[in-house]
Amino acid sequence: MASSNEYLEYILEQLSALSDITYRKMMGEYILYYRGRVFGGIYDNRLLLKPTVSARELLPDASEELPYEGARPMLMPSDTDNRELLAKVIEAMYSELPEPKKKK
């Protein structure tokens with residue numbers, strides 16, 4: 001099931017405290033970027049985050065979910081209504097995220 005544009009807009013609103021959030025639509029889902037680095041995505045209308053050390057520490061109640069069959073597990077925050085916590089988690093994750101690959 002593809003994610004809805006309405007859910008994307010909801011998540012973008014929840015992350016509006018962060019100034020450099022972008023996204024890319026891929027196969028009906030959305031990849032989310034913070035300052036150019038992938039931090040997670042929206043899969044089947046679920047916000048999933050990369051399982052970094054910071055994310056695990058700040059979201060101890062987050063469940064591990066598969067974004068799609070064959071993928072590595074990601075963290076699903078239990079409370080996407082908590083804007084402050086989501087911003088704090090993504091800020092903390094930033095230094096642990098890989099830099100984008102350079103285009104040739």
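The values are calculated or read from the model by the stated rules, or taken from the named source; none is laboratory data. All values reported here derive from a predicted model rather than from experimental measurement. Because the Cβ atoms are built from the backbone with ideal geometry, glycine has one as well, and the counts that use them run over all protein chains shown. Only protein heavy atoms, including side chains, enter the accessible area calculation; ligands, DNA and RNA are left aside. Shrake-Rupley method; radii C 1.70, N 1.55, O 1.52, S 1.80 Å.
Return the FRET efficiency for the residue pair GLU9, LYS102: r is the Cβ-Cβ distance, R0 is 25 Å, and the value is rounded to the nearest 0.05. All intermediate terms of the calculation are to be shown ahead of the outcome.
Details: r = 31 Å, r/R0 = 1.26.
FRET efficiency, GLU9 to LYS102: 0.20.
Does a label point 7 Å from the Cα of MET26, set along Cα-to-beta-carbon, have any residues of region 68-104 with amide nitrogen under 17 Å, and which are they?
68-75, 97-104
Suppose all protein chains stay in the model; what accessible area per residue would a 1.4 Å probe give for the chain, in Å²?
Details: 6500 Å² over 104 residues.
Counting only protein heavy atoms, the per-residue value for the chain is 62 Å².
If you roll a 1.4 angstrom probe over the protein chains with everything in place, what fraction of the accessible area of the chain belongs to carbon and sulfur, to the nearest %? Please report the intermediate quantities before stating the final value.
Working: 3280 of 6500 Å².
About 50 percent, which is the carbon plus sulfur part of the accessible surface.
Between ASP44 and GLU84, what is the FRET efficiency for a Förster distance of 22 Å, r being their Cβ-Cβ separation, to the nearest 0.05?
Plugging the Cβ-Cβ distance into 1/(1 + (r/R0)^6) gives 0.30.
Where the convex hull is taken over the Cα atoms of region 24-78, what is its projected area averaged over directions, in nm²? List each step's numbers first, then the result.
Details: hull surface 15.8 nm².
Reported value for the Cα convex hull: 3.9 nm².
Could you work out the local net charge near GLY36, counting Lys and Arg as +1, Asp and Glu as -1, over the other residues with Cβ closer than 12 Å to its Cβ?
Once all neighbours under 12 Å are counted, the net charge is +3.
Take the Cα radius of gyration of the chain and divide it by 2.2 N^0.38 Å, with N its residue count; two decimals is plenty.
On the way: Rg = 12.8 Å, N = 104, 2.2 N^0.38 = 12.8 Å.
In units of the globular-protein estimate, the chain measures up at 1.00.
Just want to confirm a number: the relative contact order over the chain, from Cα pairs under 8 angstrom separated by 6+ residues, in percent. Don't skip to the answer; put the middle values down first.
Details: 166 pairs, mean separation 27.2, N = 104.
Contact order relative to length: 26 percent.
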